[in-house]
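Report on the structure given below.
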Amino acid sequence: MPPPGRGRFAVRDRTRPGRAKGDRPHPRAKRRFSQNFWVDNNISRKIVGLAQGEPGDTVLEIGPGTGALTRHLLERAPVHAVEVDRELHAALGVEFQAEPRLT
């Protein structure tokens, strides 16, 4: 039998990879919004790196969720983010409150 907390019925750590344990838990995905959340920071950087755009462009991000892509997009351009989930919208507002390039 596996030790407690391991094996088939282990409780999974729901914190983001690369963050201190318990720092910021993942929100629970809501089926009605068909939510899926990026958790791999390297993949987010690669996706943003592949995005094509001209200097001075503004990015429209539909469904920023937890802001996994948003924080990398902001390094390149101003971002208009549209989030319908009120809880995620509020969390993004708190996390990016000091970021003037995000609306």
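The values are calculated or read from the model by the stated rules, or taken from the named source; none is laboratory data. Here the structure is a predicted model, which is why all the values come from computation and not from measurement. All Cβ positions, even for glycine, are placed from backbone atoms using ideal geometry, and neighbour counts span all protein chains on display. Side chains are part of the model used for accessible areas, which takes the heavy atoms of the whole protein and leaves out ligands, DNA and RNA. Shrake-Rupley method; radii C 1.70, N 1.55, O 1.52, S 1.80 Å.
Values as computed for the structure displayed
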| item | result |
| --- | --- |
| Residues of the stretch 62-73 satisfying the condition of being at pLDDT 85 or above and surrounded by 11 or more Cβ atoms within 10 Å (Cβ to Cβ) | GLY63, PRO64, LEU69, THR70, ARG71, HIS72, LEU73 |
| Cross-chain or 6+ apart pairs with Cβ under 8 Å, the stretch 57-69 first and over 14 Å from PHE96 (Cα atoms), then open to solvent by less than 40 Å² (accessible area, probe 1.4 Å) and of a type in the set (Val, Ile, Thr) | THR58/VAL79; VAL59/VAL79; LEU60/VAL79; GLU61/THR70; GLU61/VAL79 |
| Conditions (1) open to solvent by less than 90 Å² (accessible area, probe 1.4 Å); (2) at pLDDT below 55; number of the one not met by ARG14 | (1) |
| Residue that is least open to solvent (accessible area, probe 1.4 Å), among those in the stretch 84-95 that are of a type outside the set (Val, Ile, Thr) and over 12 Å from the mean Cα position of the chain (by Cα) | ASP85 |
| Residue match in the stretch 42-53 (condition: open to solvent by less than 70 Å² (accessible area, probe 1.4 Å), part of a loop (DSSP other than H, G, I, E, B) and at pLDDT below 85) | yes |
| Verdict on ALA90 being free of Cβ contacts under 8 Å to residues at least 40 places away in the same chain and part of a loop (DSSP other than H, G, I, E, B) | no |
| Residue satisfying condition, being touching an Asp or Glu at 6+ places or on another chain (Cβ under 8 Å) and at pLDDT 90 or above, within set VAL82, VAL59 | VAL82 |
